């Protein structure tokens, strides 16, 4: 099974934006509740494949999608 | 579809500058869909109903960003109407000792928040007077700018006379002077193309329930891509679904300006309105239809109503908003007769824009206003002209 990473955001609005960008490109992603041990936020974050992280980082930078950090699970 | 087809009666609705009617069928469909099967609170939970609601809000932001020429959809701040957005911009930007400029064509949604700050001895205001055609010269704006000027506010399209300001020219003046420009696009959003980037607009207030066809309770503030949003203070503070461990307001957009639950069902309806406009043929077609009806009304009225008085020529009447009077008759009385005896809905008086009426010499009596929408027809105008012709003889 592929390793997963989680993108954490300041605002869930940016998680939705990420989801739309990844959906458009057919890339694996899943909106999930923010794991409590990572953040106290009550919104959601995006689970992605770790191998896709470099491409996704580039994509988020290109569109100006702000995020807090990416954690490997 | 005509303005009376939804009500299934013979009424004619010529008050689209107040709020558009009827709303496109897609507006009702999207609102019903939201209420029946989506219903979640966006950005608050990770369950599918909340995510679906978030998707709708995001889609609306994306469409509005495209419509107004802003690259980052998070710079579309959802508000409850244009007045709400204007208050956020005016009260959020100005601080004690600042000077602000507005034009003499402003609606009270701009004049009152500014005058309130002036009354509290916080700011000073200069009102730049428009010509007797309702047009503001960009040179006059330039002359009014002083060292302490922190904001220029301009009404894009008059809600009384339908004249449109040369916003691009005013934008250049503000950019040169490095003063933020706030534009009130209540009457032009969805009628006149606006690009906040090329028009040099820093902040744009729009409403969703007029030409965009959405329901009341929708609107927003567009913060242009290059404007530093941290210079704007929120109007409301509270829960945002983010930074939940902190009791301080977040400092990122759009959350910092969107405390409390959004009008999600309204935003779903607004999205339906924008979708309808796209299928209808876009803003250019809306503009062409309103312009055609305006010219048709001017010609028919001048041919058939002896005592009619217009205040500007149809060439500069751009947004389907036409003000006139029947000489010797009170506009409110004419409006009442139109409603009671002919089933024609029109608005009389000062239209919440006393300064615009003073500028055009129609204060304090005011005018009678017809404001045409995309569902109005020439046949409806014929009926209204016949009615006015009869009333004017009375």
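The values are calculated or read from the model by the stated rules, or taken from the named source; none is laboratory data. No experiment lies behind these values; they were computed from the predicted model shown. All Cβ positions, glycine included, derive from the backbone under ideal geometry; neighbour counts span all protein chains shown.
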Return the total of residues in region A:45-73 being at the interface with chain B (Cβ under 10 Å from one of its Cβ atoms) and assigned to a strand (DSSP E or B).
-> 1
Only one of B:104, B:109, B:131 that is away from chain A (no Cβ under 14 Å), surrounded by fewer than 17 Cβ atoms within 10 Å (Cβ to Cβ) and over 19 Å from residue B:259 (Cβ atoms) = B:131
Scanning for something surrounded by fewer than 22 Cβ atoms within 10 Å (Cβ to Cβ), in a loop (DSSP other than H, G, I, E, B), out of contact with any strand residue (DSSP E or B) (no Cβ under 8 Å at 6 or more places or on another chain) and more than 14 Å from chain A (Cβ to nearest Cβ), does region B:252-259 turn up at least one residue?
-> no
Report, by residue number, each residue of region A:1-44 that is over 30 Å from residue B:247 (Cβ atoms), more than 11 Å from chain B (Cβ to nearest Cβ) and not in a helix (DSSP H, G or I).
-> A:1, A:2, A:3, A:4, A:5, A:25, A:26, A:27, A:28, A:29
Of the criteria (1) loosely packed, with under 15 Cβ neighbours inside 10 Å; (2) in a loop (DSSP other than H, G, I, E, B); (3) under 28 Å from the mean Cα position of the chain (by Cα), which one residue B:9 fails = (3)
Considering only region A:2-37, how many residues are touching a strand residue (DSSP E or B) at 6+ places or on another chain (Cβ under 6 Å) and touching a residue at least 24 places away in the same chain (Cβ under 8 Å)?
-> 14
Identify, from the list B:262, B:271, the residue that is closer than 16 Å to residue B:211 by Cα and in the same structural domain as residue B:79 (by TED's automatic domain parsing).
-> B:271
Could you pull out the residue among B:204, B:212 that is in contact (Cβ under 8 Å) with a residue 60 or more places away in the chain, in contact with a helix residue (DSSP H, G or I) (Cβ under 7 Å, 6 or more places away or on another chain) and not in a loop (DSSP other than H, G, I, E, B)?
-> B:204
Scan region B:34-51 for residues that are buried (at least 16 other Cβ atoms within 10 Å of the Cβ) and part of a helix (DSSP H, G or I) and jot them down.
-> B:34, B:38, B:50, B:51
Within region B:64-78, how many residues turn out to be part of a helix (DSSP H, G or I) and within 8 Å of chain A (Cβ to nearest Cβ)?
-> 2
Among the residues of region B:221-247, write down those that are within 15 Å of residue B:262 (Cβ to Cβ) and either surrounded by fewer than 24 Cβ atoms within 10 Å (Cβ to Cβ) or within 14 Å of chain A (Cβ to nearest Cβ) (or both).
-> B:234, B:235, B:236, B:238, B:239, B:240, B:241, B:242
Hey, residue B:90 within 14 Å of chain A (Cβ to nearest Cβ) and surrounded by 18 or more Cβ atoms within 10 Å (Cβ to Cβ) or not | no
For residue B:61, all conditions in the list (1) farther than 21 Å from residue B:186 by Cβ; (2) within 14 Å of chain A (Cβ to nearest Cβ) hold save one; what is the number of the exception?
-> (1)
Which condition does residue B:213 not pass, out of (1) surrounded by 24 or more Cβ atoms within 10 Å (Cβ to Cβ); (2) in contact with a strand residue (DSSP E or B) (Cβ under 9 Å, 6 or more places away or on another chain); (3) closer than 30 Å to residue B:269 by Cα, if it passes all the others?
-> (2)
